[in-house]
Amino acid sequence: MAALDDLITELERSYTETRDRMSDPAVYNDHREAAEVGRRLKQLEGPYALAQQWRQAQADLAAARGDSELAEMAGDYEAEVARLEEELKLALAERDPADEKDVIIEVRQGVGGDEAALWADELQRMLQRYAEQRGFKFEQLEATANDGGGLKEAVFAIKGDGAYSVFKFEGGTHRVQRVPATESAGRIHTSTATVAVMPEAEDVDVEIDENDLKIDVYRSSGPGGQSVNTTDSAVRITHLPTGIVVAMQDERSQLQNREKAMRVLRARIYEAERERQAAEQAAARSAQVGTGARAEKIRTYNFAENRVTDHRIKLTTYRLDQVLQGDLNEYTEALTAEERRRALEA
């Protein structure tokens, strides 16, 4: 109890200090500082409100214990205090500061040729449907078709409060086991597609010096190499300090392609820095459910058995058809619970 009391006292001090900073003209007039302080205040508001409820429940319990007429209510107050303490422990557990952000997702065909490209296309549709079911907005940024009708690679954004907290668990290798349409002998093949999930970085998160950018423009080309535009509208941006390269050609306007490329570049730089920090903090890494690295096999989709298995939490369901329609809530909730459990342990 003493430890929790100390944590709550520290939470209240942080909340009051952050709220006071928010009304400081020096902070208010600094765009970057105001955004950071505002984000911190938003993170603290929920736990702070719980702390006030906990203090009130503690006071009610003490009053009930000291008053014979209220004594019969003591059990209810004890249960309320215990419930609030559990909620507070979860609320005070270390959270990923990027959880509230929008996301940029990259899906690429992996091992398996044309079948892997078809699978990448299905994965994008699954994630798009899931986003729409959660009330998020889906925005296609780039898509490159494979000659066999599938998807070589795609980049898209998902916007909405807490999008990263939902989609971060989709990062990694998704493996499919099924009989391809082109397989005459009916043999099951295993193919993969990789997913990278990055928080969409704002200007205040990543400062990019224009002098660090090498920008090339060229004519965009469609499948098979034919030109789809007679002007140099495609854009390739190289961030010289990190070597990160982003190319965009889907829009007819060079300006629009440049804007999209900068959004993806900013997200990649932000994610690279987050990965560097996580590598330095062993405790932070242990609090994650998997690393989200594309090389990590996170889930297997078996068509013959209508089975989906998430290897990180050993969760298997037999409703593959519904999962591909975007019904991923059961997996997200289980992965979130495991992440919180590990954060509490840490």
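Worth pointing out:
- Scanning region 3-49 for residues that are free of Cβ contacts under 8 Å to residues at least 12 places away in the same chain and among the aliphatic types (A, V, I, L, M), we see that the one that is farthest from L88 (Cα to Cα) is A26.
- Residue that is small (G, A, S), farther than 28 Å from D147 by Cα, surrounded by fewer than 17 Cβ atoms within 10 Å (Cβ to Cβ) and under 23 Å from the mean Cα position of the chain (by Cα), where the choices are G75, G135: G135
- Qualifying residue in region 99-107 (condition: farther than 25 Å from E202 by Cβ and assigned to a loop (DSSP other than H, G, I, E, B)): no
- Residue among L11, L50, L7, L44 that is surrounded by fewer than 16 Cβ atoms within 10 Å (Cβ to Cβ), in a helix (DSSP H, G or I) and among the hydrophobic types (A, V, I, L, M, F, W, C): L7
- Yes/no for Y270 being at pLDDT 80 or above, over 30 Å from V206 (Cα atoms) and crowded, with 17+ Cβ neighbours inside 10 Å: no
- Pairs linking a residue in region 91-106 that is of a type in the set (K, R) to a residue that is assigned to a loop (DSSP other than H, G, I, E, B), with Cβ atoms under 6 Å and 6 or more positions apart or on different chains, are K101/E200.
The values are calculated or read from the model by the stated rules, or taken from the named source; none is laboratory data. Keep in mind that what you see is a predicted model, and the values were worked out from it rather than measured. Glycine also receives a Cβ, built like all others from the backbone with ideal geometry; neighbour counts cover every protein chain displayed.
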